[in-house]
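Here the structure is laid out as structure tokens; the discussion comes afterwards.
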Amino acid sequence: MALIELRDVTKAYRRDAIEIPVLERVTLSVSEGDFLGLMGPSGSGKSTLLNLLAGIDRPSSGSIVIGGTDISGLSEGALAGWRARHIGFIFQLYNLIPVLTAFENVELPLLLTSLSKKQRRDHVMTALDIVGLGDRTKHYPRQLSGGQEQRVAIARAIVTDPTLLLADEPTGDLDAKSAAEVLVLLRRLNSEFKKTIIMVTHDPHAAERATHVVHLEKGTLAESMEVT
Amino acid sequence: MKLLGLIVKSARRSKRRTALTVMSVAVAVFLFASLRAILDGFNAAAAASSSTRIITIRSTSLIFAMPSSHTQTIRSIPGVRDITWANWFGGIYKDPNNFFAQFAIDAESYLRLYPEIELSASEREAFFADRTGAIVGDGLAQRFGFKVGDRIVLQVGIPTYGSQDFTFTIRGIYRAGAAAVDNQSMFFHWKYADERSIEAGQIGWFVVEIANPDAAAQVSAAIDQKFSNTPYETKTDTEQQFASSFVSMFGNLNVLLGSIGLAIVLTTLFVAGNTMAMSVRERTTEIAVMRTLGFPARAIFLFIAGEGLLISIVGGLLGAGLAWAIVDGQNFGVSGGFVPPFGVTGRNVLIGVALSALIGVLAGAVPATMASRLKIVDALRRVA
Amino acid sequence: MGLVANYNLRSMIARKGTAAMTAMGIAMVVAVFVMTLAIAQGFQKTLVSSGSPDNAIVLRKGATAENVSAVARTQLPLIESLPQVARGDDGKPLASPELVVIIALPRFSNNQTANVPVRGVGPRAFQVRESLKFVEGRPLTPGTREINVGRLAVGRFQGLTLGSDVRFASQTWKVVGVFSGDDAAFESEVWGDVDLMIPAFQRNGYQSVTVKLTDASAFESFESVIADDPRLDLRPQREIAFYADQSRVMTTVIRVFGTFVTAILAIGAMFGAMNTMYAAVAYRKREIGTLRALGFTRRRIVAAFLAESIALALIGGVIGCLLALPVHGLSTGTTNMASFSEVAFKFRITPALLGGGLLFAALMGAAGGLLPAIGAARIPIARALREI
């Protein structure tokens, strides 16, 4: 069985009296261990799809089953808990909390667990080591470069060992060198650590790193392609 | 007026913040106006004192009596035109908590010297004719639901008046024509109290009308001189001094209420100033754009300061208006009679609104200055 | 709570200017609160500390205050001889027949006339009231026109210093001693020999008798013996209870006034706190979205922001308490309407009062922060994340 099953997912936004359709009957399967690239022009609904997968947003209709759980039926509170356990999100603008150090930012998701302080520390250091920033724990986001911030964000995303990593234009704000570093890291997380990753991007170079690529156009999926 | 339009639009953008600030200033001005009204209430009697009335009491203190023989002596002093007297009765109406002032007076002369006690001719006649009659102020009548013809029973409070209850019939309800008299009191006949007193002919205080207001000090001294070195020495003062000393009994109200007023102003300055600063911070880009379009620094200053002033004044009008509508000392009935009646006057309202304008100016000064000094380059670079 | 400690508090400190202004607004309200209630507290203490637990004061039945009471001279021996009354070393009963009147003396502060209480006391008055000590001079000699003055009265009313000749009731009296007693109301009084004062003030009997009981528990039997005696139309009260009652109306008026004023002022400060929190939430929308995306529930977000608002308010509360502290011990006075006499007392701030001030601050913070905190949690996550 696939890890992720989307069936006839539709999403429309309401702006005053007008309904704006964003996703139209999307059906998609993702297997465990996949590194899926989600591409499409701006306004195609890629980020919306990612948000639905993360449980940050709800579909207007259709079902989303992840790891056997139909998340479209969960309550707000249950979704929060589910998200904490199963999802690692990486944002284009990093979204680190400015008043927390790198260490504390990575520790954030662990505050939702019942781990002891020492256990949390071990997890955080492991994650930071994987992304190569074990020596920058006490730095604040404003003291880090863009690439470093994103790597801290990735550490935060993996620290709970989630079922699924979702990345929304992770290299969109980075220079070429940092972007390459981040993509290498993501590739490694997928091939070495067997993490299932879905990455939204408009950068073909980034998409090259993925194992599969699908295209979204005006809210519907075009044919998928496999990339080796 | 274009600036005003711009300011109004800007204030409406963040409706919630504007509303909260307006309400904050309104609350402050409401309080300020109310406190001023209380202070004015306390000072009202002294302020409305007659310049031709002087009060004679025992020099030992107010609680001691003088013999009625003093009356003729005082009358004979040059400069004295008329005289009346009164005693504090201190009776209990059903329960000690129902406190109100009761005076035993020489009715005809008292009403003559106090034209501020306004009573219809028929009620006046009825009162004079009834030995156990009484008149009550309209405020007192409202408080207890008294009507003309009602019988009131007062228990003796001060032992000098014996131990039997006193029964009165209300013969009239008076209005207080000026603040020199309040409308929360009851007046009855001195003779009725005197005939039941353990010691007859005891008078609490004299009210003396003098022919010439400028001669007040002189006549007062003459009266006191007459009784010095006798067992019943007197002290005579103008009605104003007498009234003022009552106010000072409570303590230094000016300082107390003044300090609270200051605290109110400071609190509001912090709140309003904070709002203005926040609003400037949020609009840095907008301000920069306005500068690039050619608005001079001075225009920016007026724009921000103007918004602060507008919000504050609206709040001030709201608060002062509310105070004027709601605050009426009678509604509070606190300690029934010790706190003089007070109400928010037009003057209090004006002071309140002026205060809000001051707050608006002070609170807006720093943010407006900073906004006008903003370098366009810095502003555009800054992410909100 | 790790989230709150790190995230919320640091975020609050990051916006120092706004936080400081909001805290100061709350500080002012708490300062007014503490200061006005310190007046009530001080007034009450002065009156209540006039009472001693094993003393009782006997007044006429139905008299609500000393100045409307009357105790006949013939009734004194009947009271003094009761077994519940303690005896001194010389075997004489520790009872003091008393009379209180007002004399008019000018105040130092504004030269206006004050109602100064003058208390005629029996020869054993200072034994009945052991807590009073002489700081200058000596006790008055019974049978003479010597008077003793309370320390606070000396400082408040003109002409009462040691050695002064004071003229009242058409006679001259000499101050031979100044006493003090833990800021008791007695310190605002002038004491003299009651048997000389009665004729001087043209009175014809005592108003009250204060006795020292053999023991505080003897009060009940003291009370019933007096009630059963038809010659005594009198009623005893525990001294402390009596003075507590005397202070009741004024204390209530001051407290009600103080609470009312600060409550209204608090509403204004609360609006300020609300404004600040709304702005903070707006400023940190993306962070809130991130936290929720990470899995922090709505409830935790609300709790965290509420805690931030309360913490900020508490800081204001501490500042307010500090601002108010200097008034502690400040001398002031007012006229106790129950006795019509002026009482000097001091502002009195107690730990309980400070605690109340802090609680009040916390309430302001909670009230001001609640709606913004709820608003913070309600923004749809996707929308919050889109904010620049």
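Table for the structure above
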{"item": "Only listed residue being under 30 Å from C:Gly268 (Cα atoms), in contact (Cβ under 8 Å) with a residue 40 or more places away in the chain and not hydroxyl-bearing (Ser, Thr, Tyr), chosen from C:Ala27, C:Ala56", "result": "C:Ala27"}
{"item": "Residues within region B:323-367 that are outside any helix (DSSP H, G or I) and modelled with pLDDT of 70 or more, tallied", "result": "5"}
{"item": "Which numbered condition C:Arg73 fails, given (1) touching a strand residue (DSSP E or B) at 6+ places or on another chain (Cβ under 8 Å); (2) at pLDDT below 90; (3) not small (Gly, Ala, Ser)", "result": "(2)"}
{"item": "Residues located in region B:83-102, provided they are modelled with pLDDT of 95 or more and open to solvent by 20 Å² or more (accessible area, probe 1.4 Å)", "result": "B:Trp85"}
{"item": "Conditions (1) in a helix (DSSP H, G or I); (2) farther than 28 Å from C:Glu136 by Cβ; (3) in contact (Cβ under 8 Å) with a residue 24 or more places away in the chain; (4) under 29 Å from the mean Cα position of the chain (by Cα): number failed by C:Pro236", "result": "(1)"}
{"item": "Residues (small (Gly, Ala, Ser), assigned to a loop (DSSP other than H, G, I, E, B) and in contact with an Asp or Glu (Cβ under 8 Å, 6 or more places away or on another chain)) located in region B:135-188", "result": "B:Gly177, B:Ala178, B:Ala180"}
{"item": "Residue, most open to solvent (accessible area, probe 1.4 Å), within region C:274-310, restricted to residues that are in contact with a Leu (Cβ under 7 Å, 6 or more places away or on another chain) and away from chain A (no Cβ under 14 Å)", "result": "C:Leu306"}
{"item": "Considering residues of region B:140-168 that are of a type outside the set (Phe, Trp, Tyr) and open to solvent by less than 20 Å² (accessible area, probe 1.4 Å) only, the residue modelled with the lowest pLDDT", "result": "B:Gly157"}
{"item": "Single match in A:Ser29, A:Ser63 (criterion: surrounded by fewer than 20 Cβ atoms within 10 Å (Cβ to Cβ), away from chain C (no Cβ under 14 Å), in contact (Cβ under 8 Å) with a residue 12 or more places away in the chain and in contact with a Ser or Thr (Cβ under 7 Å, 6 or more places away or on another chain))", "result": "A:Ser63"}
{"item": "Hits in region B:124-160 (condition: within 26 Å of C:Lys61 (Cβ to Cβ) and out of contact with any strand residue (DSSP E or B) (no Cβ under 9 Å at 6 or more places or on another chain))", "result": "none"}
{"item": "Residue within region C:326-334 that is surrounded by fewer than 24 Cβ atoms within 10 Å (Cβ to Cβ), assigned by TED's automatic domain parsing to the domain that holds C:Tyr7 and at positive phi present", "result": "yes"}
{"item": "Flag if B:Ala134 is surrounded by 21 or more Cβ atoms within 10 Å (Cβ to Cβ), of a type in the set (A, V, I, L, M) and under 28 Å from B:Ser220 (Cβ atoms)", "result": "no"}
{"item": "Breaking point among (1) surrounded by fewer than 16 Cβ atoms within 10 Å (Cβ to Cβ); (2) in contact with a Leu (Cβ under 6 Å, 6 or more places away or on another chain); (3) hydrophobic (A, V, I, L, M, F, W, C), for C:Phe157", "result": "(1)"}
{"item": "Candidate set: region B:212-231, residues that are part of a helix (DSSP H, G or I) and among the β-branched types (Val, Ile, Thr); chosen: the one farthest from the other protein chains (Cβ to nearest Cβ)", "result": "B:Val219"}
{"item": "Answer residue from region B:45-63, given it is assigned to a helix (DSSP H, G or I) and open to solvent by 30 Å² or more (accessible area, probe 1.4 Å) and is nearest to C:Val101 (Cα to Cα) among those", "result": "B:Ala45"}
{"item": "Output for region C:228-254, where each listed residue is within 30 Å of C:Leu82 (Cβ to Cβ), within 14 Å of chain B (Cβ to nearest Cβ) and open to solvent by less than 50 Å² (accessible area, probe 1.4 Å)", "result": "C:Leu234, C:Gln246, C:Ser247"}
{"item": "Some residue of region C:279-302 being closer than 23 Å to B:Val27 by Cβ, in a helix (DSSP H, G or I) and among the aromatic types (Phe, Trp, Tyr)", "result": "no"}
{"item": "In region B:175-207, the residues that are aliphatic (A, V, I, L, M) and closer than 18 Å to B:Phe64 by Cα", "result": "B:Ala193, B:Ile198, B:Ala200, B:Ile203, B:Val207"}
{"item": "Some residue of region C:337-346 being within 14 Å of chain B (Cβ to nearest Cβ) and more than 34 Å from the chain's Cα centre (by Cα)", "result": "no"}
{"item": "Pick from region C:255-266, criterion of a type in the set (A, V, I, L, M) and surrounded by fewer than 21 Cβ atoms within 10 Å (Cβ to Cβ), ranking: farthest from the other protein chains (Cβ to nearest Cβ)", "result": "C:Ala263"}
{"item": "Residue satisfying condition, being over 30 Å from B:Asp40 (Cα atoms) and open to solvent by 40 Å² or more (accessible area, probe 1.4 Å), within set B:Ser122, B:Ser197", "result": "B:Ser122"}
{"item": "Restricting region B:1-44 to residues that are within 14 Å of another protein chain (Cβ to nearest Cβ) and open to solvent by 50 Å² or more (accessible area, probe 1.4 Å), the residue that is modelled with the highest pLDDT", "result": "B:Met23"}
{"item": "Region A:97-114, residues that are closer than 16 Å to C:Phe296 by Cβ and more than 10 Å from chain C (Cβ to nearest Cβ)", "result": "A:Val106, A:Ser114"}
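The values are calculated or read from the model by the stated rules, or taken from the named source; none is laboratory data. On a predicted model such as this, the values are computed, not experimentally measured, just so you know. All Cβ positions, even for glycine, are placed from backbone atoms using ideal geometry, and neighbour counts span all protein chains on display. The protein model used for the area step is the full one, side chains on, heavy atoms only, and it has no ligands, DNA or RNA in it. Shrake-Rupley method; radii C 1.70, N 1.55, O 1.52, S 1.80 Å.
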